[in-house]
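Student: So that we are looking at the same thing, I have put the structure below in C-alpha cells.
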Amino acid sequence: MNRKQRLFVYIAAGLVTGLILASVALYTVSRTEFGMGRVRRFAVRWLDERVDGTVHVGALGGRGLLGGLTLKDFYIIDKLGRPFLRTDSAHLAYNWRTLIAGEIIISRATLFRPEVYFEQLPGDSIWNYQHVFPGRGDPRAPATKRLIMING
C-alpha cells in the first residue's frame, strides 16, 4: 500500500470513529437517565436565570430529548413566594433543529392539572408575570429577545 492509500485509510478510520463517538454521545444525552438528568439541570438553570423567582422540575421524562419532554411536578413561584404556574406534568413538543440552533421553541404544550395565576396586586401597576419574567411584557423596559411566545 502506498503512502496516499494509507493516508486515506487513516482519514476514513478517523471519520468513522468520530461518527461512532458522536452517535454514542447523542444517544447518551438524549435517551438515558444520566443524559436526561444532565439536560434537566441545564434547562432548569437556563430558565432560573431568566425567571425572577423559583423554578422547580421534579423529574424529566419522555421519549428522549429529540422526541419531546415530559416535565413532572413543575412549578414557578415568584420572588414573594406567590405561585405563578403549577402543573402535575407537562408534555412539551418542539422541533429539534431549532433546539440544536440554540432556540427553545415549544410547538405544542400539554399541561395536566395546571394552575396558572395571573394577578395584579392592589397598589401595583404591573401584572405578576411581568415580575416573574422581568423586562418582558413591560413596555418601559428595553427591547429584549422574547422568552415566551404563544401562538393560538
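Student: At a 1.4 Å probe, what is the % contribution of carbon and sulfur to the accessible area of segment 23-111?
Tutor: 56
Student: Here is a further query. Take the Cβ-Cβ distance between Thr28 and Ile106 as r, set R0 to 30 Å, and report the resulting FRET efficiency rounded to the nearest 0.05.
Tutor: 0.80
Student: Okay, moving on. Between Arg97 and Thr17, what FRET efficiency comes out of the Förster formula 1/(1 + (r/R0)^6) with R0 = 30 Å and r the beta carbon distance, rounded to 0.05?
Tutor: The value I calculate is 0.70.
Student: Consider just the alpha-carbon atoms of segment 38-130 and return their Rg together with their Dmax, both in angstrom.
Tutor: Final numbers for Rg and Dmax: 14.3, 46 Å.
Student: Using the crude model of +1 on Lys and Arg Cβ and -1 on Asp and Glu Cβ, and no other charge, please compute the dipole size for segment 29-97 relative to its Cα centre, in debye to 20.
Tutor: 220
The values are calculated or read from the model by the stated rules, or taken from the named source; none is laboratory data. Keep in mind that this is a model prediction, so the values were computed, not measured. A quick note on method: Cβ atoms are made from the backbone with ideal geometry, for glycine too, and the neighbour counts reach across all protein chains shown. Accessible surface areas use protein heavy atoms only, side chains included; no ligands, DNA or RNA. Shrake-Rupley method; radii C 1.70, N 1.55, O 1.52, S 1.80 Å.
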